[in-house]
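A.B. asks: This structure is in structure tokens; I'll ask about it shortly.
FYI, it's all coordinate maths here, none of it is from the lab. As the structure is a computational prediction, the values presented were derived from the model and not from experiment. Heads up, the Cβs are rebuilt from the backbone with ideal geometry, glycines too, and the neighbour counts pull from every protein chain shown.
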Amino acid sequence: MRRLQMGMWYQFSEKDWDLYHHELINGLEISQYEDRDELERVALFCSNKNIQFGIHTPVFGKDKTIPEVTSLDDDVYSKAIKSVEEQVAIASEYGADYLLLHYPFPPIYSPVVDRRYWNGPPPHAYYYSEKIGGHNFTYISERLFQDIANLQNKHNQRIVLEYDFFGEYEEIFNQMFKEYPDIGLVIDTQRMEHNKRTFPDFNPYAWLDQIYKYVYLVHYSNVRFGEETQRHLPVLPSHEELENYGNSLSYLSYIAKKNNTFHVTFEHNPKAVSREELVDCYEVAHSVLKSVNAPV
């Protein structure tokens, strides 16, 4: 069954579930929990509600340490893939539908950058395309996908990769999912907007034409640009035509016309809008999926 998921990071809260829940919500995505007791609570809650949950790495901890699975440093990669396997084992133990990683990570930046829209992480946290090189990116991608495929089989646990900035290596990125179709792709709609505006050579719709069949999950939220850019906002139809907002609804609609099986996580801050607007966000997303005869 197709899922519309609530994001619930840092800790499990039945109060927040009751406050932001809607009858259309039938899943959870969690991340950075305190300990196994918290994970046990959410697993039991989902079992009692007859819903599924997925995990965004890291499973535990509040430092948001995402495994550097495309590091050029072999020692860093070894530590990252070891951490991934530990988290895959935990996800399998508690019955998670998926474990999510970022790919590539560190992200890769193109040389042409419009910094009006995205300053990005500190320089040590990403590569520029010319530094990493196409040969290196192919090598570290093939290494990663092969290791992930092995971990999926070993632990009987789905692993999905959330797209991060891939610089000039869109074709290499796409080719990896074609070679390993059992590894699902996660689309982040507000990141696509940053990608489009920050790196002018990126065409989100042309990219989706190439990659849509591998999408397992969409992280759905919007971004508002300005002096203080705001990310992870609920997606409201009224914002779609405004220049300072992203086109997340259009991205969701475009993918839905091509792929009728992916799930959706509302990766937004529900406190940023009224209850009425929040319900509108849920219902519009649901109607988009239903309009293309998807099994919602």
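A.B. asks: For segment 21-119, rounded, prolate or oblate, judged on the Cα gyration tensor with a ≥ b ≥ c (square roots of eigenvalues), a/c < 1.5 rounded, else prolate if a/b > b/c?
C.D. replies: Numbers: a/c = 2.79, a/b = 1.54, b/c = 1.81.
The shape class here is oblate.
A.B. asks: Show me the GluC sites (Glu not before Pro) within segment 1-78 that DSSP assigns to loop and that have at most 14 other Cβ atoms within 10 Å of their Cβ.
C.D. replies: Those that pass, being in a loop and sparsely packed, are 23, 34.
A.B. asks: Hey, another quick one. Rounded to the nearest 500, what is the 222 nm mean residue ellipticity of the chain from helices alone, with -39500 (n - 2.57) per DSSP H run of 4+ residues and division by all residues? Could the numbers behind the result be given before it?
C.D. replies: Working: 10 runs with 120 residues, N = 296.
After summing the helix terms and dividing by residue count, I get -12500 deg cm²/dmol.
A.B. asks: Would you work out if segment 179-296 is rounded, prolate or oblate? Take a ≥ b ≥ c from the square roots of the eigenvalues of the alpha-carbon gyration tensor; rounded if a/c is under 1.5, else prolate when a/b is larger than b/c, oblate otherwise.
C.D. replies: Details: a/c = 1.89, a/b = 1.20, b/c = 1.58.
Because a/c hits 1.5 or more and a/b fails to exceed b/c, segment 179-296 counts as oblate.
A.B. asks: Further, regarding this structure: Could you list the square roots of 5 times each eigenvalue of the Cα gyration tensor of segment 119-236, that is, the equivalent ellipsoid semi-axes, sorted largest first and rounded to whole Å?
C.D. replies: 25, 19, 14
A.B. asks: With a cap of 15 neighbouring Cβ atoms within 10 Å, and only residues DSSP puts in a loop, list the trypsin sites (Lys or Arg not before Pro) found in segment 211-270. Numbers along the way, then the final one.
C.D. replies: Numbers: sites: 213, 224, 231, 257, 258; in loops: 257, 258.
Passing sites in segment 211-270 are 257, 258.
A.B. asks: Follow-up question, since we're still on this one. Using semi-axes √(5λ) of the Cα gyration tensor in Å as the read-out, say which of (i) 38, 29, 21; (ii) 27, 25, 18; (iii) 41, 20, 16 was calculated from these coordinates.
C.D. replies: Read-out taken from this structure: (ii).
A.B. asks: Something else now. Once the dipole of the chain is set up with Lys and Arg at +1 and Asp and Glu at -1 on Cβ about the Cα centre, which of 113, 65, 145 lies farthest towards its positive end?
C.D. replies: Checked the options; the winner is 145.
A.B. asks: Are there GluC sites (Glu not before Pro) in segment 218-296 that DSSP puts in a loop and that have at most 12 other Cβ atoms within 10 Å, and which ones?
C.D. replies: Values: sites: 227, 228, 240, 241, 243, 267, 276, 277, 283; in loops: 227, 228, 240, 241, 243, 267.
Passing sites in segment 218-296 are 227, 228, 241, 243.
A.B. asks: While we're looking at this one, here's another question. Could you work out the local net charge near residue 98, counting Lys and Arg as +1, Asp and Glu as -1, over the other residues with Cβ closer than 13 Å to its Cβ?
C.D. replies: Taking every Cβ under 13 Å from that of residue 98, the sum is -2.
A.B. asks: Here's another thing I want to ask about it. Which lysines, on any chain, are close to residue 154 with Cα under 18 Å apart, when same-chain ones fewer than 8 places away are left out?
C.D. replies: Excluding near neighbours in sequence, the set is 82.
A.B. asks: Is there a pair in 64/131; 49/258; 15/62; 131/178 whose C-alpha atoms are over 27 Å apart, and which pairs would that be?
C.D. replies: Where the Cα-Cα span goes over 27 Å, the pairs concerned are 49/258.
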